[in-house]
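The values are calculated or read from the model by the stated rules, or taken from the named source; none is laboratory data. Note that the coordinates shown come from a computational prediction; the quantities given were computed from them, not determined experimentally. We place every Cβ from the backbone using ideal geometry, glycine too, and count neighbours over all the protein chains shown. Note: accessible area is taken over every heavy atom of the protein model, side chains too, but ligands, DNA and RNA are not part of it. Shrake-Rupley method; radii C 1.70, N 1.55, O 1.52, S 1.80 Å.
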Amino acid sequence: MPRLSYRRALTRALADEMTRDESVVVLGEDIRVAAANVTTGLLKRFGPERVRDTPLSEQAFTSFATGAALAGARPVVEFQIPSLLFLVFEQIVNHAHKFPLMTGGQCAVPVTYVVPGSGSRTGWAGQHSDHPYALFAHVGVTTVVPATPADAYGLLVSAIRCDDPVVVFAPAGALELREDVTDPAPVPLGRGVVRRPGDDVTVVAVGHLVHDALAVAEELSGQASVEVFDPRTLYPFDFDGLVDSVSRTGRLVVVDDGNRSCGIAGEIVATVVERVRLAAPPRRVTRPDGAVLPFAPALDRAVQPGRDQLTAAIQLTLKDG
């Protein structure tokens, strides 16, 4: 059974879709030399017309991708760091996302925006370490955060095939993960998955934190039965699947490597509370309010949610109610 890394899963998804559909093109800064190690080999295989290096102007090439999509292409735009999305929020949200809606579906803008290395694990400092996926979920752009190599492949494939803009966040904390993958396949957008069944509390974990949640669930297995729910897509969110889980366990903890205020964790908690009567107050494990990650690696990791915080939140939730 072949081992597949998360990073190589993204590469394979790009190559497979470019082979399947000649309208798929890839563009971004330094992608021909594979600066992020995601587009490795694509230039040699598909040529310079479909693997396009761009000038150092994110607004320009993001707008170019919108125009190319309107003209019939299916562009995939790579952003080397997540903070670049702040520069192109206008182009993604006000243009690519809204054109189909404001024309009554008379046009499609099938652009995929890939962020390989979102967040931080190795001291990328304040201007390179954000996880701004809650912003795109807020405005209604399809937003996915794969946790595993199989999902990195499957969700990227589905994003490329989608006729609407999709932002794919590939967390830095997941890029080197490996797993056995025999037959990678598309993963439906908007459908979560229970990674570990349990009876006492549901833990919703976003992206790479799924693996921390699974480790904590195993550590606590002698004390409690912890269910781990991986949403995979943050918008549209699989609230029906999550509500089914929480209705059985009666307790909810959310762990998310985003800032606390107005983050996706708060939205998950609010929506579940509207639909389920919980046995104990829900809890969030996140970055602090307004967090800006320091450069020093120890401080970088200290600001991010970890296993100890998640363990404490689960234990407090189990004691309540």
Segment ARG301-ALA35, length gained on full extension (0.36 nm per residue, minus Cα span): 93.3 nm
Could you calculate, for the range 154-224, the ratio of the Cα radius of gyration to the Kirkwood radius, expressed as Rg to Rh? 1.02
Could you give me the ³J(HN,Hα) list for the range 177-182, computed from phi with Karplus coefficients 6.51, -1.76, 1.60 and θ = phi - 60°, whole Hz, x at Gly and Pro? 5, 10, 8, 6, 9, 7
Whole-Hz Karplus couplings 3J(HN,Hα) for the range 155-167, θ = phi - 60° and coefficients 6.51, -1.76, 1.60, Gly and Pro as x, run 6, 5, 4, 5, 5, 5, 7, 6, 7, 10, x, 9, 9
What 222 nm value per residue comes from the helices of the chain, counting each DSSP H run with n ≥ 4 as -39,500 (n - 2.57) and dividing by all residues, nearest 500 deg cm²/dmol? -10500 deg cm²/dmol
Burial-style ranking of 283-292, 51-60, average other-beta-carbon count within 10 Å with highest first, yields 283-292, 51-60
Under the Karplus relation 6.51 cos²θ - 1.76 cosθ + 1.60, θ = phi - 60°, what is the ordered set of whole-Hz ³J(HN,Hα) values for the range 200-216, x standing for Gly and Pro? 9, 7, 9, 10, 9, 10, 9, x, 4, 6, 4, 6, 5, 5, 5, 5, 5
Between the helical axis of 6-20 and the dominant principal axis of the chain, each derived from Cα atoms, what acute angle in degrees is found, rounded to the nearest 10? 40
Positive minus negative residues near ILE81 (Lys, Arg vs Asp, Glu; Cβ under 11 Å): -4
Rounded to one decimal in Å, the inverse mean reciprocal Cα-Cα distance for the range 213-294, i.e. its Kirkwood radius, is 13.7
VAL139 neighbourhood, Cβ < 14 Å, K/R = +1, D/E = -1, net charge -2
The chain: antiparallel bridges as % of DSSP beta bridges, rounded to 5, reads 20
Cβ under 12 Å from VAL276's Cβ, VAL276 left aside: what net charge do those residues give with Lys, Arg +1 and Asp, Glu -1? +1
Roll a 1.4 angstrom probe over the protein heavy atoms and tell me the percent of accessible area of the range 157-211 that is carbon or sulfur. 41
Accessible area (Å², per residue) of the chain, counting only protein heavy atoms and a probe of 1.4 Å: 42
Shape descriptors of the chain over alpha-carbon atoms, Rg and Dmax in angstrom, are 19.4, 61
Calculate how steeply helix 58-70 sits against the longest principal axis of the alpha-carbon atoms of the chain, using the helix alpha-carbon long axis, and give the answer as 0 to 90 degrees to the nearest 10. 80
What are the semi-axes of the equivalent ellipsoid of the range 65-218, taken as the square roots of 5 times the eigenvalues of the Cα gyration tensor, listed largest first and rounded to whole Å? 28, 18, 15
How would you order 206-213, 95-102 from highest to lowest mean count of nearby Cβ atoms within 10 Å? 206-213, 95-102
